[in-house]
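Single-structure report; data block below.
Each value in this text was obtained by applying a stated rule to the coordinates, not by laboratory testing. Worth saying up front: this structure is predicted, and the values here are computed from it rather than measured. Please note: Cβ atoms are built from the backbone with ideal geometry, for glycine as well, and neighbour counts cover all protein chains shown.
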Amino acid sequence: MRSVSPSAPLPPLESRASFLVSQLGIQSAQRFAAGLAPLGLNPNQFGLLVHVARAEGQSQQQLADTLGLHRNTMVALIDDLEARGLAERRRHPRDRRAYAIHLTSEARRLLPEASRIADEQEALLVEDLSRAERTQLIGLLARISARTGQRAGVHPGYAGPGEP
């Protein structure tokens, strides 16, 4: 490990991109979680519901593959949504051994409100930026995310212990 000379000035944390992204990420996640709490949802549940809504009827395995999760982790996540009355498993129409995941009417009722909360959080985060700056910021962050191997639209918080 390299030691720092007492006379060498250390750059301030606010000049480090990784610090700023982490600082904003934690703040944003906390605000989003607080916004969703009155709906009885957490950010992971919201994200999973969005993925199901965008491709309803896919099998648990297809959903696990999309999110890059072990099938046991996906089973636990769907079990949680099912216990909360937000998702249901139905026999897959083309593979009787698999289950297709569908939203319940309760999930369809909650998703627009949860999405509004997500939109408000987004607007609050970037309110001081012009439309062009917002577009540029999202593009730069997406590029960095892709370069670091992140799956587009998949939060690493879904992964269980030992998963990527």
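Helix content alone sets the calculated 222 nm mean residue ellipticity of the chain: runs of n ≥ 4 DSSP H residues at -39500 (n - 2.57) each, divided across all residues, give -18000 deg cm²/dmol. Each residue of the stretch 41-53 was assigned a 3J(HN,Hα) from its phi angle through the Karplus curve 6.51 cos²θ - 1.76 cosθ + 1.60 (θ = phi - 60°); the sequence is 10, 10, x, 5, 5, 4, x, 5, 4, 4, 4, 5, 4 Hz, with glycine and proline shown as x. Relative to the longest principal axis of the Cα atoms of the chain, the long axis of helix 17-36 makes an angle of roughly 40 degrees.
As a proxy for reagent exposure, 7, 145 were ordered by neighbouring Cβ count within 10 angstrom, fewest first; the result is 7, 145.
Placing unit charges on the Cβ atoms only, positive for Lys and Arg and negative for Asp and Glu, gives the stretch 2-160 a dipole magnitude near 640 debye about its Cα centre. Positive-end ranking of 46, 132, 60 along the dipole of the stretch 1-140, with charges on Cβ about the Cα centre, is headed by 60.
What base-10 log of the normalised intensity I(q)/I(0) is obtained for the chain from the Debye formula, alpha carbons as equal point scatterers, at q = 0.17 Å⁻¹? For the requested q values the scattering log ratios are -1.14.
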